[in-house]
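Asks: Dropping the structure in here first, questions after.
The values are calculated or read from the model by the stated rules, or taken from the named source; none is laboratory data. Treat the numbers as computed from the prediction; the structure is a model and nothing was measured. Quick reminder, even Gly has a Cβ in these numbers, built from the backbone with ideal geometry, and neighbours come from all protein chains shown. The accessibility values were calculated without ligands, DNA or RNA, using every heavy atom of the protein model including side chains. Shrake-Rupley method; radii C 1.70, N 1.55, O 1.52, S 1.80 Å.
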Amino acid sequence: MYHAMGAPRLIYRAHISRLVKTGLIDKAINLFDQMTQSDCRVFGIDYNRFIGVLLRNSRFDLAERYYFQMFPQGFSLTPFTYSRFISALCSVKNFNLIEILIDDMDKLNYVPDIWAFSIYLNLLCREKKIELALDVFHSMVKKGRDPDVVTYTIMIDGLCKARNFDNAVGFWREMVGKGLRPDNKACCALVVGLCEGGKVDLAYELVVEVIKCGNIMFSTLLYNVLISGFCRIRRIDKAQAIKLFMSKNGCEPDLVTYNVSLNYCYNELMLEEAEKLVNKMERSGIGPDIYGYNQMIKGLCNANRPDKAYLLMKNKMEANGLADAVSYNTIIKSFCKVGHIGKAYKLFEEMGRKGIAPDVVTFTTLIKAFLNEGSSDIAKALLDRMSGMGLLPDRIFYTTIIDHLCKTGKVEMAHSIFYDILNHGVNPDVISYNALINGFCKSNKVSETIHLYEEMQTRGFSPDEITFKLIIGGLIREKKLSKACKVWDQMMKGFTLDGAVS
């Protein structure tokens, strides 16, 4: 009798199993529905197994449906299936159902496995739900589930990214105090997080004991972050000591290590030390990359040695195909800074011959330099060339050019550039209008001033105090008192004018 009643269920199970193994999940679902709706007796194990299948195949909606279908029948998932369900739902960020599952487990006195908790905590930290992550962590401990190194690492990483450094340090000390040995990932989470928050000394203090134990092979990343952190706060002695310790422990400096040291040397204008370091790199078979070379060029330019920077680019970078727009832009800017605009322009032309396209930075550097020198025509030609290449500076740069041209009496050119802004889809602002209005007022172009004043309002820009001050002052100087009174009447409530227009 017993075997006869159990036979249909066994047949269903066998058929469903075959369909799942051959990947026919939809047919397996239909057959499982037939089984649950038949006279065949279904057990909790059937739901557990099939929900597991659905989770493996990312059929989360159906898994949820069957879960709520089984619960009223007095069935429940096993703690393992609950843990699988929670971890699977983390991939689709279904926080509501995760909370329901955890509450249901509480009612059954079940506790999710530590790996499920860790996956959930990782999701909460990634989604910046730090307070909820802390609550989940502490509730896990109360339920008797001891966190492991992975769990602590997730919390330390999340708290550091949330800049909650005190709590992160607290978790680290708690982990070490329990006798858990942090691995490389845990150390990296702490060191990277604290160093990015400017707490380099604290990061070193906390991890140094683990480093001294020598039982863990730390990654180059960890050493590089510490070296970089100490270089940023100008503690080169500490950085060098870590670099030496790193080599002694079988972790050789890599390109990043050298780039960090090079960056420090050039920022501090330690040019001789930098050259020695480059020679050492080449002897080690680690040639500088494009970033490293560009840092060298930047350092030489900061030391007002653009000629030497140019030779470095020609002799080293070009030979290896590494020279780029950043290299040229840095040297062009340096030549402009020391007043050698002719050399800067020659470099600009050289870029074109070498097939290196100038960018917005190249043009803006040269345009500003020629404007400051008073060569407005060359600056305008460069601006037209820039626009012809489809490179558009932002509104702030355009406003700077307009203001400069107006102050040097080239109001018509400024006016032309102003409408270039509009034609290229860059919207001017009140400051842009004020710069041109100021130029027209100083050039006694009253009608153009009033036209701009009316146009800015048509375009939806409200005149500010400076606008009214410029226009009314210009009209009074031109003895256009009736128009000045009219603008005065239109002036926004709250603006006050000083003696400049009295």
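Asks: Expressed as a fraction of 2.2 N^0.38 Å, the rule-of-thumb size for a compact globular protein of N residues, what is the C-alpha radius of gyration of the range 137-242?
Replies: Details: Rg = 13.9 Å, N = 106, 2.2 N^0.38 = 12.9 Å.
Here the answer is 1.08, to two decimals.
Asks: Please name whichever of Ala303, Phe75, Phe95 sits farthest to the positive end of the charge dipole of the chain, dipole taken about the Cα centre and charges placed at Cβ: Lys and Arg +1, Asp and Glu -1.
Replies: Towards the positive end, the residue furthest out is Ala303.
Asks: What is the magnitude of the charge dipole of the range 318-364 about its Cα centre, with +1 placed on the Cβ of each Lys and Arg, -1 on the Cβ of each Asp and Glu, and no other charges, expressed in debye to the nearest 20? Before the final figure, lay out the partial values.
Replies: Values: 6 positive and 5 negative charges, 40 e Å.
I would put it at about 200 debye.
Asks: Which of the trypsin sites (Lys or Arg not before Pro) found in the range 345-409 are loop residues per DSSP with 14 or fewer other Cβ atoms within 10 Å of their Cβ? All intermediate terms of the calculation are to be shown ahead of the outcome.
Replies: Details: sites: Lys346, Arg353, Lys354, Lys368, Lys380, Arg385, Arg395, Lys407; in loops: Lys354.
Listed in order of number, the matching sites are Lys354.
Asks: Continuing with this model, one more query. What does the charge add up to near Phe68, with Lys and Arg as +1, Asp and Glu as -1, over the other residues with Cβ less than 12 Å from its Cβ?
Replies: Working: positive: Arg65; negative: Asp61, Glu64, Asp104.
Net local charge, Phe68 excluded: -2.
Asks: Here's a follow-up. Under 11 Å from the Cβ of Asn434, count the other residues' Cβ atoms, weight Lys and Arg +1, Asp and Glu -1, and hand me the total. Please report the intermediate quantities before stating the final value.
Replies: On the way: positive: Lys469; negative: Asp403, Asp429, Asp464, Glu465.
In short, -3.
Asks: Among Ala414, Leu347, Ala319, whose Cα lies farthest out toward the positive end of the dipole of the range 306-439, if unit charges sit on the beta carbon of Lys, Arg (+1) and Asp, Glu (-1)?
Replies: Ala319
Asks: Let me ask something additional. From the gyration tensor of the Cα coordinates in the chain, what semi-axes in whole Å does the equivalent ellipsoid have, largest first, with each one equal to sqrt(5λ)?
Replies: Numbers: eigenvalues 816, 296, 117 Å².
The three semi-axes for the chain are 64, 38, 24 Å.
Asks: Next question, about the same structure. Only helical DSSP H runs with n ≥ 4 go in: add -39500 (n - 2.57) per run for the chain, normalise by residue count and round the 222 nm mean residue ellipticity to 500 deg cm²/dmol. Show your work: numbers first, answer last.
Replies: On the way: 28 runs with 361 residues, N = 502.
Using -39500 (n - 2.57) per qualifying helix, the result is -22500 deg cm²/dmol.
Asks: Continuing with this model, one more query. In degrees from 0 to 90, rounded to the nearest 10, what is the angle of the helix 114-126 Cα long axis to the longest principal axis of the chain?
Replies: Once rounded, one gets 20 degrees.
Asks: Same structure again: How large a share of the accessible area of the chain, in percent, is made up of carbon and sulfur atoms when the probe is 1.4 Å and the other protein chains stay in place?
Replies: Numbers: 13570 of 25620 Å².
Solvent-exposed carbon and sulfur of the chain make up 53 percent of the total.
Asks: Inverting the mean 1/r over all pairs of different Cα atoms, compute the Kirkwood radius of the range 205-303 and quote it in Å. Intermediate results must be reported in sequence, preceding the final value.
Replies: Working: mean 1/r = 0.0715 Å⁻¹.
This gives a value of 14.0 Å.
Asks: Which Cα, out of Ala14, Val53, Ile86, lies furthest along the positive dipole direction of the range 7-92 (beta carbon charges, K/R +1, D/E -1)?
Replies: Ala14
Asks: Going highest first, how would you order 173-180, 222-229, 87-94 by mean Cβ packing within 10 Å?
Replies: Working: 173-180: 13.1, 222-229: 24.8, 87-94: 17.2.
Going by the mean number of other Cβ atoms within 10 Å, highest first, we get 222-229, 87-94, 173-180.
Asks: Based on the mean of other Cβ atoms within 10 Å per residue, sort peptides 315-328, 114-127 so the most packed one is first.
Replies: On the way: 315-328: 16.3, 114-127: 20.9.
Output ranking for 315-328, 114-127: 114-127, 315-328.
Asks: Take every Cα-Cα pair in the range 18-85 and report what % of them are more than 13 Å apart.
Replies: Details: 1429 of 2278 pairs.
Value for the range 18-85: 63 percent of Cα pairs lie more than 13 Å apart.
Asks: What size of dipole, in debye to the nearest 20, comes out for the chain about its Cα centre when the only charges are +1 on Lys and Arg C-beta atoms and -1 on Asp and Glu C-beta atoms? Show your work: numbers first, answer last.
Replies: On the way: 63 positive and 55 negative charges, 93 e Å.
Dipole about the Cα centre, nearest 20: 440 debye.
Asks: Report, in degrees rounded to the nearest 10, the 0 to 90 angle that the Cα long axis of helix 481-490 makes with the longest principal axis of the chain.
Replies: With both axes taken from Cα atoms, the answer is about 10 degrees.
Asks: Same structure, new question: What angle do you read, to the nearest 10 degrees and between 0 and 90, between the alpha-carbon axis of helix 149-161 and the longest principal axis of the chain?
Replies: With rounding to tens, the tilt is 20 degrees.
Asks: Tell me the net charge near Leu311. Cut-off is 12 Å between Cβ atoms, Leu311 excluded, with +1 for each Lys or Arg and -1 for each Asp or Glu. Present the calculation step by step, with values, prior to reporting the outcome.
Replies: On the way: positive: Arg305, Lys308, Lys314, Lys316; negative: Asp307, Glu318.
Result for the neighbourhood of Leu311: +2.
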